[in-house]
Amino acid sequence: MLLLASYIFYGLWNPPLVLLLWISTMVDWTAGKKLSVEQNERKRKMWLILSMCVNLGFLAFFKYRDFLLDNFTTVVNTYGYGYKSQPMDIILPMGISFYTFQTMSYTIDMYKRKIEPAKTFLDFALYVTFFPQLVAGPIVRAQDLITQFYEEKKATANQFIWGVFLLTIGLFQKVVMADTFLSGTADKVFGSDKLLHGVDAWVGTLAFSGQIFFDFAGYSTCAIGIALMLGIILPDNFKYPYASLGFSDLWKRWHITLSSWLRDYLYIPLGGNRHGILRLYVALMVTMLIGGLWHGAAWTFIVWGGLHGTYLILERLQRQYLPFKITAWNGMFLAFITFSCVNITWVFFRARKFETAWNMIKSMFYMQTEGEKILDTFTIIKVSAVVAILFLCHWFMRNTSLKEVSLKISPWTLGIVWAIMLFLVIISQGSGEQFIYFQF
Amino acid sequence: MKLKQSFIVAIVLALLSIVAWEFYWRSQGHLPNIDDNKNLWANQRAKLKDIKENTVVFIGSSRILYDIQLDIWKKETQTDPVMIAAQGASPIPIFKDIVENTDFKGTLIAGITPPLLFSTTYPEAEFMSRPQFLVDYYKNRTYAQIINHKLSIPLQKNLAFIRDGDEAWDSDVDLKTLLKQIHFGERGEPVFPPFYNFEDITLDRHMKMPERMVTDTAYASTVKKVWKAILGGDMPPPDKESTINAFVELSKKFINKGGNLILVRCPSSGLFKDIESKAFSREENWDVLVEKSGAKAYNYQDYEQFQNLFLPEWSHLATKDAQFFTRELIKIMQSEGALTNSKTN
């Protein structure tokens with residue numbers, strides 16, 4: 001039933017692209033089955049390579065084809081060949097980056113003999129297709145999800161209501177915080193073709209910083225809530241990331257399921273910290289560059305990944321040469337510095353062109369003397385207040401959880417907060433039909 | 001944790017708040033209405049997949065949308081009108097879509113609003129990108145979007161605070177628009193006056209000017225203020241030549257297919273009339289277009305009975321006047337044999 005619902009869910013967007021899901025499912029199911037019985041290491045490797053080729057091939061064709069072709073054209077034309085590429089204008093299958101990574105994790109874990117194969121094909125198909133997290137994660141590992149499908153699940157009353165609460169929070173984050181309070185300002189600033197005043201550039205960047213958190217965390221929270229209403233438990237994807245103390249802490253708190261995927265299937269196989277300091281830095285940088293490219297087929301995303309790789313390397317150097325103890329006093333300052341550095345990377349993530357990103361950076365560091373003031377006072381106050389509250393909430397919640405906090409407060413208080421969120425969601429009437437991460 | 005208790009508190013308080021919100025907006029004169037959005041447009045465009053013998057298609061901008069009353073049109077001509085005019089839009093992208101992507105070769109009535117048609121063919125300009133967005137949306141809309149729209153209709157029909165429009169003029173009571181209306185200080189770009197909703201549209205895009213626009217002059221003035229702000233802003237000089245050429249090229253293709261093309265210049269008054277007569281003179285624009293396109297053409301300025309019609313906000317007719325305009329226009333067209341597939345009662 002859940003499997004059928006999941007296919008219908010995906011088909012409501014674009015029925016022919018369900019075929020891709022089926023192919024991905026068939027290939028990884030077959031590869032997984034063979035890997036579970038095959039003893040010949042060469043043949044096992046061949047099955048793994050087949051799975052990788054199909055999944056990464058889909059990604060390369062649907063997501064990176066035009067990007068690769070553009071770059072190929074640019075390189076060829078620098079040698080004067082006058083080659084003209086023909087963009088194919090292919091639709092990007094929604095959630096392809098998420099479900100291909102999920103299915104690849106199954107095959108890799110099977111190859112490494114870390115997990116048992118799925119008991120039935122339908123269990124595996126549901127693992128690939130489970131609708132709450134199909135299009136934008138969390139990217140769930142097989143051992144955490146498939147085993148939950150082995151027996152019929154029914155949410156308890158408390159699970160169901162908590163799921164509804166999480167769904168409300170997710171919608172509140174997306175509809176009210178991201179789309180109503182912040183998206184307009186971010187769109188206006190990043191869509192402007194003018195050289196902006198420093199305040200406008202910072203406020204636009206802060207607005208996007210808040211928007212992308214609320215948008216993506218909102219989707220993840222909805223997914224976790226809906227799954228819980230069905231009695232299925234999905235892992236957390238965000239743990240108050242804007243109060244991170246440094247960048248390795250950030251990646252344990254932001255898009256946790258992707259960063260742990262990259263750690264387990266890329267960073268560690270690249271050598272991790274087992275082969276000396278230089279190899280460690282290379283592994284960090286390569287992982288983050290690929291992480292950037294995972295988000296989108298553009299050089300701006302690669303720069304975003306490169307900046308995060310640089311931050312991680314600088315953090316390692318600081319720990320080695322300038323170690324200091326984190327206290328309650330310097331912790332908040334460190335979190336603020338981390339958050340500020342993260343904001344700089346968001347400029348490259350959001351800008352469609354390097355020119356826009358560079359103009360924004362110049363404005364943010366007051367290298368534009370006569371920047372345009374396009375934001376009004378109320379917008380500046382609104383965005384600053386929302387982002388300041390977001391930062392403080394993350395700071396005070398960084399060592400606790402929503403569940404723990406809700407246990408401490410009275411049912412009435414929780415009910416009133418819940419009602420306010422519901423009311424604001426309904427009167428906002430978001431017209432945003434998409435989440436930002438759907439395009440990745 | 002007593003979750004059930006919290007859940008009940010949340011549901012009860014949220015419901016009470018929503019009921020209060022609904023009553024507040026009704027007390028402010030807002031009534032439930034359907035929004036003229038991309039889905040409504042796409043549903044009408046979909047009718048061109050299955051063209052009937054007596055189908056008449058309307059393209060253009062909001063003027064023809066408000067000024068042609070479809071119920072009267074249907075009754076008086078016995079034709080099946082399909083309204084795919086788009087608000088704030090040049091007719092070119094939709095005309096191009098009809099010519100290139102459909103087999104339609106019946107009567108096509110194009111509303112000509114000079115500032116929208118003769119300004120530009122630049123694809124990124126609002127007047128061009130807005131209708132192109134509709135054309136693209138029709139081609140690419142998903143089943144989820146179709147279902148979402150169907151589910152939203154009962155809500156739109158019954159709740160005054162629900163808005164489902166795509167444009168600034170569709171949004172007046174949602175939280176984002178309410179926040180946008182808060183201003184203090186001098187910083188930033190000039191403040192645009194609030195654009196209140198003045199649509200009363202049916203699912204088949206029969207648009208009427210709400211009665212409030214006629215009876216409440218203060219409300220009508222809020223729309224006039226918006227027009228003043230728009231018309232007072234910087235506008236690039238009109239690109240008469242390329243716009244006329246683009247339209248004429250499409251006209252020829254359509255007429256060569258066997259289509260019956262009729263151009264209609266709907267009334268305007270006040271500031272619009274002044275600007276249109278100065279910046280888009282009839283001789284240099286409308287007359288040239290009519291001559292080059294080879295289409296039948298009707299300009300309200302040529303008919304005595306259309307000289308004193310009431311346009312509450314200078315650009316669109318009040319409903320009674322729109323009904324009169326529609327009836328009279330049909331009579332004129334029929335007397336000249338312009339409506340090739342109409343039947344008279």
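The values are calculated or read from the model by the stated rules, or taken from the named source; none is laboratory data. Keep in mind that what you see is a predicted model, and the values were worked out from it rather than measured. Backbone-built Cβ (ideal geometry, glycine too); neighbour counts: all protein chains shown. These accessible areas exclude ligands, DNA and RNA; they are computed on the full protein's heavy atoms, side chains included. Shrake-Rupley method; radii C 1.70, N 1.55, O 1.52, S 1.80 Å.
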*Evaluate the distance, in nm, between pseudo-label points positioned 7 Å from the Cα of B:Lys225 and of A:Met46 along their respective Cα→Cβ axes.*
7.7 nm
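Out of the trypsin sites (Lys or Arg not before Pro) in segment B:99-203, which ones are loop residues according to DSSP with at most 11 other C-beta atoms within 10 Å? Present the calculation step by step, with values, prior to reporting the outcome.
Working: sites: B:Lys105, B:Lys139, B:Arg141, B:Lys150, B:Lys157, B:Arg163, B:Lys176, B:Lys180, B:Arg187; in loops: B:Lys105, B:Arg141, B:Arg163, B:Arg187.
In loop regions of segment B:99-203 (DSSP not H, G, I, E or B), there are no sparsely surrounded trypsin sites (Lys or Arg not before Pro).
In segment A:183-284, how does Rg compare with the Kirkwood Rh, expressed as the Rg/Rh ratio over alpha carbon atoms?
1.11
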*Under a cut-off of 14 Å between alpha-carbon atoms, report the aspartates and glutamates in cross-link reach of B:Lys225, not counting same-chain residues fewer than 8 places apart.*
B:Glu313
*In terms of modelled amide H atoms, which long-range or inter-chain residues lie less than 5 Å from the amide H of B:Asp200?*
B:Lys208
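Per-residue Cβ counts within 10 Å, from other chains only, averaged over B:156-169: what number is that?
The per-residue average across the peptide is 1.
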*Which value, in Å³ per residue, describes the convex hull spanned by the Cα atoms of segment B:48-102?*
70 Å³
*Using the Karplus equation 6.51 cos²θ - 1.76 cosθ + 1.60 (θ = phi - 60°), what ³J(HN,Hα) coupling, rounded to whole Hz, does each residue of segment B:7-16 give in order, writing x for Gly and Pro?*
4, 5, 4, 4, 5, 5, 5, 5, 4, 4
*Taking amide hydrogens as modeled 1.01 Å from N in the peptide plane, which residues meet the under 5 Å criterion relative to B:Ala297, leaving out close sequence neighbours?*
B:Leu263
*Cα-based radius of gyration of chain A once divided by 2.2 N^0.38 Å, which approximates compact folds*: 1.02
*Whole-number D in µm² s⁻¹ for segment B:1-80, Kirkwood Cα-pair radius fed into Stokes-Einstein, 4 °C, 1.567 mPa s*: 75 µm²/s
*Could you give the C-alpha radius of gyration of segment A:1-117 expressed as a fraction of 2.2 N^0.38 Å, taking N as the number of residues it contains?*
1.33
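Can you run the Rg to Rh ratio on segment A:166-206? Use alpha carbon positions and the Kirkwood inverse-distance Rh. Before the final figure, lay out each step's value.
On the way: Rg = 12.7 Å, Rh = 11.1 Å.
Across segment A:166-206, the Cα-based Rg/Rh ratio is 1.14.
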*Looking at segment B:13-43, which residues lose a minimum of 10 Å² of accessible area between their chain alone and all protein chains in place, measuring with a 1.4 Å probe and not counting ligands or nucleic acids?*
B:Leu13, B:Ala14, B:Ser17, B:Ile18, B:Trp21, B:Lys38
_Calculated P(r) tail over 20 Å for segment B:152-309, as whole % of Cα pairs_ = 67 percent
*Computed over segment A:311-351, Kirkwood Rh from alpha-carbon pairs, angstrom*: 11.6 Å
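Please pull out the direction-averaged projected area of segment B:165-226, using the convex hull of its alpha-carbon atoms, in nm² to one decimal place.
If I average the Cα hull's projected area over directions, I get 5.3 nm².
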*Going by average Cβ neighbours within 10 Å, how do the peptides A:137-148, B:39-50 rank, with the highest at the top?*
A:137-148, B:39-50
*What is the average number of partner chain Cβ atoms found within 10 Å of a Cβ in A:408-417?*
5
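Could you compute the FRET efficiency for B:Thr215 and A:Trp412, with r as their C-beta to C-beta distance and R0 at 41 Å, rounded to 0.05?
0.35
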*What pairs in B:Lys52/B:Lys74; A:Lys174/A:Lys353; A:Lys403/B:Lys2; B:Lys49/B:Lys257; B:Lys52/B:Lys75 have C-alpha atoms more than 19 Å from each other?*
A:Lys174/A:Lys353
_At R0 = 22 Å, how high is the FRET efficiency between B:Lys2 and A:Ala155 if r is their beta carbon distance? Nearest 0.05 is fine._
0.80
*Kindly provide the pair-distance distribution of segment A:1-44 built from C-alpha pairs, with 10 Å bins from 0 and whole-percent values in order of increasing distance.*
26, 36, 22, 15, 1
*Which far-off residues, 5 or more places away or on another chain, put their amide H under 5 Å from the one on B:Gly111, with H placed in the peptide plane?*
B:Ile59, B:Gly60, B:Ser61, B:Val264
*Which percent of the accessible area of chain A is formed by carbon and sulfur heavy atoms (probe 1.4 angstrom)?*
67 percent
*Could you bin all the Cα-Cα distances of segment B:102-161 into 5 Å bins starting at 0 and give me the percent of pairs in each, rounded to whole numbers?*
4, 13, 12, 15, 16, 18, 15, 6, 0
*Which percent, to the nearest 5, of DSSP beta bridges fully inside the protein assembly as shown are antiparallel?*
15 percent
*Accessible area of segment B:279-345 belonging to carbon and sulfur atoms, whole % at 1.4 Å probe*: 46 percent
*Which of A:Ala385, A:Ala335, A:Ala178 moves most in a GNM of chain A, Cα contacts under 10 Å?*
A:Ala385
*Please state, rounded to one decimal and in Å, the Kirkwood hydrodynamic radius that the protein assembly as shown gives when every pair of distinct Cα atoms enters the mean of 1/r.*
29.6 Å
*Heavy-atom accessible surface that A and B bury in contact, both chains counted, 1.4 Å, Å² to 100*: 3600 Å²
*With only alpha-carbon atoms counted, please give the Rg and Dmax of segment A:211-258, in Å.*
11.6, 36
*With a ≥ b ≥ c the root eigenvalues of the C-alpha gyration tensor of segment A:237-298, is it rounded (a/c under 1.5), prolate (a/b larger than b/c) or oblate?*
oblate
*Under 26 Å Cα-Cα from B:Lys228, which lysines qualify once same-chain neighbours fewer than 8 residues away are excluded?*
A:Lys188, A:Lys194, A:Lys373, B:Lys176, B:Lys180, B:Lys208, B:Lys240, B:Lys273, B:Lys278, B:Lys320
*Write down the percent of antiparallel bridges among all DSSP beta bridges whose residues are both part of chain B, to the nearest 5.*
15 percent
*P(r) for segment A:64-216: what percent of alpha-carbon pairs falls in each 10 Å bin, starting at zero?*
9, 20, 24, 26, 15, 5, 1
*asked:* Inside 10 Å of the C-beta atoms of A:161-168, what's the mean count of C-beta atoms belonging to other chains?
replied: 3
*Under a point spin-label approximation (7 Å from Cα along Cα-to-Cβ), what is the B:Ile153-A:Leu402 distance to one decimal in nm?*
3.5 nm
_Residues along segment A:364-396 losing 30 Å² or more of accessible surface when the other protein chains are present rather than the chain by itself (probe 1.4 Å)_ = A:Lys373, A:Asp376, A:Thr377, A:Phe378
*Gyration tensor verdict on segment A:297-401 (Cα atoms; rounded if a/c is under 1.5, prolate if a/b is larger than b/c, oblate otherwise)*: oblate
_Debye intensity ratio in log₁₀ form over the Cα atoms of chain B, taken at each q of 0.06, 0.09, 0.14 Å⁻¹_ = -0.23, -0.51, -1.21
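Report the rotationally averaged projected area of segment A:145-233 based on its alpha-carbon convex hull, in square nanometres.
Orientation-averaged projected area of the Cα hull: 6.8 nm².
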*So how far apart, in nm, are the two label points at A:Ser340 and A:Ile90 if each is 7 Å from Cα heading toward Cβ?*
4.4 nm
_Per residue solvent-accessible surface (Å²) - segment A:159-236, probe of 1.4 Å_ = 25 Å²
*For segment B:20-33, what does the Karplus curve 6.51 cos²θ - 1.76 cosθ + 1.60, with θ = phi - 60°, yield as ³J(HN,Hα) per residue in whole Hz, taken in order and with x for Gly and Pro?*
4, 4, 4, 5, 4, 5, 5, 5, 8, x, 8, 10, x, 8
*Of A:Lys33/A:Lys153; B:Lys47/B:Lys96; A:Lys34/A:Lys114, those spanning more than 23 Å from alpha-carbon to alpha-carbon*: A:Lys33/A:Lys153
